[in-house]
1. Quick one: in region 245-266, which of the residues that are among the acidic types (Asp, Glu) and under 25 Å from the mean Cα position of the chain (by Cα) is surrounded by the fewest Cβ atoms within 10 Å (Cβ to Cβ)?
2. With respect to residue 242, determine if the residue is open to solvent by 60 Å² or more (accessible area, probe 1.4 Å), at negative phi, modelled with pLDDT under 90 and out of contact with any Pro (no Cβ under 9 Å at 6 or more places or on another chain).
3. Report, ordered by the first and then the second residue, all pairs with beta carbons closer than 6 Å, sequence separation of six or more or different chains, a first member in region 214-238 that is farther than 30 Å from residue 265 by Cα, and a second member that is among the acidic types (Asp, Glu).
4. State all residues of region 162-205 that are more than 19 Å from the chain's Cα centre (by Cα) and open to solvent by less than 50 Å² (accessible area, probe 1.4 Å); if no residue qualifies, say none.
5. Among 312, 292, which is the only one that is on the phi > 0 side of the Ramachandran plot and at pLDDT below 90?
6. Out of curiosity, is residue 231 open to solvent by less than 70 Å² (accessible area, probe 1.4 Å) and over 30 Å from residue 37 (Cβ atoms)?
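The values are calculated or read from the model by the stated rules, or taken from the named source; none is laboratory data. From a predicted model like this one, the values you see are computed outputs, not experimental measurements. Here Cβ is always computed from backbone atoms with ideal geometry, including for glycine, and neighbour counts include all displayed protein chains. Quick note on the areas: whole protein, heavy atoms, side chains included, nothing else; ligands and nucleic acids left out. Shrake-Rupley method; radii C 1.70, N 1.55, O 1.52, S 1.80 Å.
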Amino acid sequence: MIRGDLNRDSELVIGIVHTIGTVSLEIMECMKDSLNKFHYNSEIIKVSKEILSPFASVLPNFTDEHQRISFFMDKGNEIRKKTGDDAILMKGVCAFIYGKYRLGNNEGPQQRRAYIIDSIKHPDEVEFLRRTYGDGFHLIGISDDYERRKSYLMDRKNLSEQQAIDILNRDDNEKEKNGQHTRDAYQQADYFINAGDNSDETQENVFRLLDLLFGNPFISPTFEEYAMFRAYVSSLRSADLSRQIGVVVTKDNEILAEGVNDCPRAFGGLYWSAFEDGKFIDVPSGRDYTLGYDSNKIEQKKMIDSILTELGLECNEENTKKIKSAGIGSLTEFGRVVHGEMEAL
């Protein structure tokens with residue numbers, strides 16, 4: 001099998017996003033070994049060790065793994081909150097790369113380097129790395145089954161079942177803005193690898209990833225990859241940038257249907273742009289920007305205000321934030337109200 005184009009000399013930065021309990025180190029080591037075949041000198045940069053640890057004047061003497069994991073989660077949240085910058089840890093990674101590997105690089109201009117960042121926990125970190133490294137940055141999502149991750153924390157890291165559940169839930173998506181938002185970062189990945197039982201398949205996934213990165217012209221998509229592509233294309237059909245979610249329904253390697261989270265048009269269909277009077281226009285009642293407001297947000301506020309009134313609380317910004325932080329905000333995310341023609345009914 002052809003393994004890419006060895007004439008590329010660009011620096012590679014590979015961000016890894018995975019949830020707690022995923023056995024990801026073996027995959028990163030496989031990635032590192034495979035990059036050596038492309039004449040890359042690869043380094044794994046562990047954020048907890050290289051970036052977070054120096055912020056602690058004295059590292060605690062951890063009595064168990066639950067305490068260690070919680071400490072680094074708290075430290076990351078603290079730094080993001082104090083600086084008001086949710087990408088600050090990745091800025092630290094960039095400074096670390098520059099200081100240790102670029103300024104101290106005596107290996108000559110032909111030395112090719114790849115940096116594997118373990119790991120990314122917030123979507124703002126992804127955005128910053130994309131802006132900084134451009135096409136040289138690639139985000140890899142490593143996933144595993146929830147029960148397997150929980151068992152790993154309990155059996156290998158000696159956490160109780162409740163401790164494992166608490167850590168998994170916290171890592172997935174904390175309520176506070178400056179917290180861990182692994183799920184949101186994971187959704188932005190360019191490539192996904194399942195850390196399952198089949199090590200041969202996992203290794204081949206790494207090989208396939210590198211072939212794609214280095215432009216192997218003989219790779220055709222798997223059905224799963226094509227289906228994901230169709231779901232992504234469908235998502236772009238939505239004009240609501242906050243909810244561009246596409247989906248495909250498949251069976252036996254065939255796509256049966258595809259759809260998107262968008263506002264349905266009264267009496268059927270969707271609000272498509274159309275060429276009228278010499279230009280493309282949107283139906284005035286079909287888009288938030290033509291209405292001048294987000295109708296979904298208005299309905300959401302009405303529901304939250306109703307809850308606050310029933311609780312005997314004042315309808316103000318502070319109490320609204322409390323209701324949303326309790327998770328009720330997600331219950332009110334139900335889709336936009338159809339205007340225009342429906343109002344005529």
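1. So, considering only residues that are among the acidic types (Asp, Glu) and under 25 Å from the mean Cα position of the chain (by Cα), the one surrounded by the fewest Cβ atoms within 10 Å (Cβ to Cβ) is 258.
2. On the way: open to solvent by 60 Å² or more (accessible area, probe 1.4 Å): yes; at negative phi: yes; modelled with pLDDT under 90: yes; out of contact with any Pro (no Cβ under 9 Å at 6 or more places or on another chain): yes.
So residue 242 fits the description; yes.
3. Taking only residues 6 or more apart or on different chains, the pairs are 214/5; 215/5; 219/211.
4. Applying the first criterion (more than 19 Å from the chain's Cα centre (by Cα)) to region 162-205 yields 162-166, 196-205.
164, 165, 196, 202, 205, listed by residue number.
5. The match here is 292.
6. On the way: open to solvent by less than 70 Å² (accessible area, probe 1.4 Å): yes; over 30 Å from residue 37 (Cβ atoms): yes.
Against the criterion (open to solvent by less than 70 Å² (accessible area, probe 1.4 Å) and over 30 Å from residue 37 (Cβ atoms)), residue 231 qualifies.
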